[in-house]
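Accompanying notes for the structure given below.
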């Protein structure tokens, strides 16, 4: 994982958790006593030996920034390791982050400055346990340009999530955000892609060419 950069999306408002998110971003909400929701994903990073992580913040980020500064200053800076907060800088746009993809795009120069071979895009408000190293191994073995990690849920719940359609070989055929029908049961969680993909390959083109692999 030394040639992989983690990009952790932590700028969401978390409207469904209101009033817990009245004064803080969803990843900063307390979980399990002294912890915050974002600690789950960061723990996955550390346990997967992913030690270069950008955290993209936006919404009411003061408590989140303080928690990262006080609780995650454990990295070996002399070894090039870091957990670093990146607020919106409007470097490539006059707009604030317009969504998850736009948040990554607006930080493309910061991502590129680290010269990673792969970029692992993660959510900062999910509760799960995962070894990202196994995902990277599957990604490299498959030859896919992009690999998505998903979970399968009850079809009656898909209207609440972004979902993907896949074929028998786990190739992604399409993506739909909060569909009204229940025909697509796989919920998109996170994805891994080469840095070159971030810069040059439109996601729609990759889907059409069946160059995206799903792993669950």
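The values are calculated or read from the model by the stated rules, or taken from the named source; none is laboratory data. Not measured: the values here are computed from a predicted model. For neighbour counting, all protein chains shown are included, and Cβ atoms are generated from backbone atoms with ideal geometry for every residue, glycine included.
At a glance:
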{"read-out": "Pairs where the first residue, in region 15-36, is assigned by TED's automatic domain parsing to the domain that holds residue 66 and in a strand (DSSP E or B) and the second is at pLDDT 85 or above and surrounded by 17 or more Cβ atoms within 10 Å (Cβ to Cβ), C-beta under 6 Å, 6+ apart", "value": "31/37; 36/28; 36/67"}
{"read-out": "Residue in region 163-178 that is touching a residue at least 60 places away in the same chain (Cβ under 8 Å), touching a strand residue (DSSP E or B) at 6+ places or on another chain (Cβ under 7 Å) and surrounded by fewer than 16 Cβ atoms within 10 Å (Cβ to Cβ) present", "value": "no"}
{"read-out": "When residues of region 18-54 are limited to those that are at pLDDT below 85 and under 19 Å from residue 99 (Cβ atoms), the one surrounded by the fewest Cβ atoms within 10 Å (Cβ to Cβ)", "value": "21"}
{"read-out": "Candidates 6, 12, filtered to the one that is surrounded by 13 or more Cβ atoms within 10 Å (Cβ to Cβ), at pLDDT below 85 and either closer than 18 Å to residue 104 by Cβ or in the same structural domain as residue 137 (by TED's automatic domain parsing) (or both)", "value": "12"}
{"read-out": "Members of region 85-141 that are within 14 Å of residue 54 (Cα to Cα), out of contact with any helix residue (DSSP H, G or I) (no Cβ under 6 Å at 6 or more places or on another chain) and in a loop (DSSP other than H, G, I, E, B)", "value": "87, 88, 89, 107, 114, 115"}
